[in-house]
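A short write-up of the structure that comes next.
The values are calculated or read from the model by the stated rules, or taken from the named source; none is laboratory data. All values reported here derive from a predicted model rather than from experimental measurement. Counting neighbours? That spans all protein chains shown, and the Cβs are built from the backbone with ideal geometry, glycine included. Side chains are part of the model used for accessible areas, which takes the heavy atoms of the whole protein and leaves out ligands, DNA and RNA. Shrake-Rupley method; radii C 1.70, N 1.55, O 1.52, S 1.80 Å.
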Amino acid sequence: MSEDNEDFLDEEFLDSNSIENIDIDEENTGLYEHLNITVDPKQTPLRIDKFLLIHRQNSSRNKISQTCRAGNVVVNGTAVKQNYRVKPGDQISVLLTRPPRENVIIPQDIPVNIVYEDDDLVVVDKEAGMVVHPGHGNWDGTLVNALAFHFEKNGEKSDLDRVGLVHRIDKDTSGLLVIAKNEYALSFLAKQFFNRTTKRLYWAFVWGNLQDEEGTIRGHVGRHPKNRMQMSVYEDGSHGKHAVTHYKVLERFKYMTWVECKLETGRTHQIRAHFKHIGHTLFNDERYEGHTPLRGINLPKYKQFIKNVFEILPRHALHAHTLGFIHPTTKKELYFESPMPKDMTDAVKKWRIYLEN
């Protein structure tokens with residue numbers, strides 16, 4: 001599926017009498033899920049790994065085991081091992097990575113910029129224009145296809161049925177992604193992304209001159225009522241889910257502003273929707289009507305200048321600049337920075353020259 005389609009839980013595998021709530025991180029919909037289970041009063045003592053296999057029949061024993069090992073199975077507030085025996089009334093919280101897709105991943109020899117790799121994970125600096133994983137309309141040529149080839153070429157064997165996506169970014173967003181190589185690493189990393197303990201900053205170019213040097217945008221983000229390809233902001237909380245974006249101005253170009261964004265929540269298209277909501281749509285973001293020159297400016301050759309910049313930067317101006325997380329095995333923090341890609345750098349240079357003249 002492409003990054004613009006929704007993915008749904010396999011609810012037919014759930015026991016409706018036991019599952020109280022399922023919480024999905026929308027930015028990473030389909031990659032993992034959060035289950036809250038209240039054990040039935042008539043439940044006989046049973047190992048928790050066997051109990052969870054009954055309640056999640058599309059999971060494997062290895063997946064459940066590694067989920068426990070990563071500390072993602074919590075009973076009555078305490079992480080437990082796979083041999084814990086559930087008791088009537090136990091409150092179980094589980095963060096599970098998603099089951100494998102039905103479509104087969106075809107390894108393809110596609111260049112990919114790997115900035116770090118070890119036995120547990122790989123960190124990639126994705127170019128704009130590359131879809132992260134196969135799906136409707138994009139069955140090959142994706143980052144997942146490229147990594148499948150890379151792992152196969154290196155003779156690596158994995159206990160994963162698919163490339164271990166922990167998170168994702170839009171096709172036309174550039175920047176850093178971490179991918180797990182085994183079930184334990186996938187579960188361990190998924191917990192950090194779900195709990196928002198990772199260190200991620202985005203760079204964006206937005207239309208207009210922001211009033212403040214830094215600020216916070218709050219407003220529920222949910223599907224647009226008419227355009228399913230867009231997300232909208234609902235300040236009254238009537239639709240969507242709670243979303244918060246913090247931003248700081250890095251440089252002003254009078255008619256465009258370079259900002260650094262930190263997400264407090266992770267909703268689909270959160271940065272794009274939030275900045276459109278406050279009247280500062282991402283530069284050249286066609287989906288959110290940011291692909292036309294800023295209105296009300298009648299300077300000579302202004303429209304031609306914007307057209308030239310659009311040719312240099314033919315996509316929405318968003319870049320995943322930093323990525324920091326705790327390593328699954330060493331338990332040490334890894335931190336990466338991705339430099340601004342050439343298309344955004346060239347756009348900045350052109351804006352500076354334009355303003356000087």
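Within segment 47-61, can one find any residue that is outside any helix (DSSP H, G or I), free of Cβ contacts under 8 Å to residues at least 40 places away in the same chain, of a type outside the set (G, A, S) and touching a strand residue (DSSP E or B) at 6+ places or on another chain (Cβ under 8 Å)?
yes
Of everything in segment 180-203 that's among the aliphatic types (A, V, I, L, M) and buried (at least 24 other Cβ atoms within 10 Å of the Cβ), which residue is farthest from D285 (Cα to Cα)?
Selected residue: A185.
Among the residues of segment 300-357 satisfying the criterion of being out of contact with any helix residue (DSSP H, G or I) (no Cβ under 8 Å at 6 or more places or on another chain) and among the aromatic types (F, W, Y), which is most open to solvent (accessible area, probe 1.4 Å)?
Across segment 300-357, the extreme among qualifying residues is Y335.
Only one residue in E127, E156 is touching a residue at least 40 places away in the same chain (Cβ under 8 Å), charged (D, E, K, R), open to solvent by 30 Å² or more (accessible area, probe 1.4 Å) and over 23 Å from Y247 (Cα atoms). Which one?
E127
Name the strands (runs of 3 or more DSSP E) wholly inside segment 236-355 in which the number of residues that are among the acidic types (D, E) is 2 or more.
Filter on segment 236-355 gives 333-337.
Check whether at least one residue in segment 100-108 is at pLDDT below 85 and either open to solvent by less than 10 Å² (accessible area, probe 1.4 Å) or of a type in the set (S, T, N, Q) (or both), and report yes or no.
Yes: one or more hits.
Name the residue that is nearest to A185 (Cα to Cα), counting only residues in segment 66-90 that are charged (D, E, K, R) and not in a helix (DSSP H, G or I).
Out of the qualifying residues, it is K81.
Scanning segment 56-71 for residues that are of a type in the set (S, T, Y) and modelled with pLDDT of 80 or more, which turns out least open to solvent (accessible area, probe 1.4 Å)?
T67
Output yes when any residue across segment 254-265 is farther than 30 Å from A180 by Cα, surrounded by fewer than 16 Cβ atoms within 10 Å (Cβ to Cβ) and touching a residue at least 60 places away in the same chain (Cβ under 8 Å), and no when none is.
yes
Mind listing whichever residues of segment 209-224 are open to solvent by less than 10 Å² (accessible area, probe 1.4 Å) and either out of contact with any helix residue (DSSP H, G or I) (no Cβ under 7 Å at 6 or more places or on another chain) or modelled with pLDDT under 90 (or both)?
Of everything in segment 209-224, those that are open to solvent by less than 10 Å² (accessible area, probe 1.4 Å) and either out of contact with any helix residue (DSSP H, G or I) (no Cβ under 7 Å at 6 or more places or on another chain) or modelled with pLDDT under 90 (or both) turn out to be L210, G222.
Being under 20 Å from the mean Cα position of the chain (by Cα) and closer than 18 Å to Y288 by Cα is the filter; apply it to segment 225-242 and report the residue that is most open to solvent (accessible area, probe 1.4 Å).
The qualifying residue most open to solvent (accessible area, probe 1.4 Å) is R228.
When you go through (1) closer than 28 Å to L147 by Cα; (2) surrounded by 18 or more Cβ atoms within 10 Å (Cβ to Cβ) one by one for V206, which number turns out not to apply?
Just one mismatch for V206, condition (1).
Identify the residue in segment 20-55 that is closer than 13 Å to A190 by Cα and modelled with pLDDT of 65 or more and, among all such residues, is surrounded by the fewest Cβ atoms within 10 Å (Cβ to Cβ).
Once the filter is applied, the top-ranked residue is H34.
Would you confirm whether any residue within segment 186-194 is of a type in the set (A, V, I, L, M, F, W, C) and in a strand (DSSP E or B)?
No; the residues of segment 186-194 include none that is of a type in the set (A, V, I, L, M, F, W, C) and in a strand (DSSP E or B).
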